[in-house]
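First up is the structure itself, then whatever we jot down about it.
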Amino acid sequence: MVTDLIYWRSQADEKEKQTRRIISASRDNFVNIHDEDSQLSQSVRSQIKNHNSHVNSLSLHGDLLASCADNGSLILTNLNTSRQDFLCNHDCELKKLMFLSPHKCLVACDAKGIVMFFSIGNNNLKEKLIL
């Protein structure tokens, strides 16, 4: 079952072809990255498999994808380089997250109603819990 769905398009220059993807989170513990241009029935180009339970929410900030799951994991993925980093392993189910644009501030909420704010660095995916 799909739990969240977002659309991403790369910021390509005039010489590069722009990449367009549909990204879905699901109860099968995966984040699926689909090729928008695919005419095939199997449009999944790649998967994020680091969550060990239901993936609940996705959020984008430029090329940076954040995903959270019921096991309390929050993963950041650079969609251009496919680099993945664990942001946190919370002790409770993470249910929703979102980037606060235009800043690189990520907000996550758990099943108990606790709201966490993270500041994401520019050159790497290191985090700092700010509240």
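Bear in mind that the values in this text are calculations on the coordinates, not laboratory data. Note that the coordinates shown come from a computational prediction; the quantities given were computed from them, not determined experimentally. All Cβ positions, glycine included, derive from the backbone under ideal geometry; neighbour counts span all protein chains shown.
Summary of values
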| quantity | calculated |
| --- | --- |
| Which of K104, K17 has the fewest Cβ neighbours within 10 Å, and the rest in rising order | K17, K104 |
| Segment R20-A111, length gained on full extension (0.36 nm per residue, minus Cα span) | 29.5 nm |
| Fewest-first sequence of M116, M1 by Cβ atoms within 10 Å of each Cβ | M1, M116 |
| Cβ-defined net charge surrounding T3, 11 Å radius [Lys, Arg +1; Asp, Glu -1] | 0 |
| Estimated inter-spin distance, N52 and L100, nm [label 7 Å along Cα→Cβ] | 3.1 |
| Per-residue Cβ neighbour rank within 10 angstrom, fewest leading, V31, V44, V115 | V115, V44, V31 |
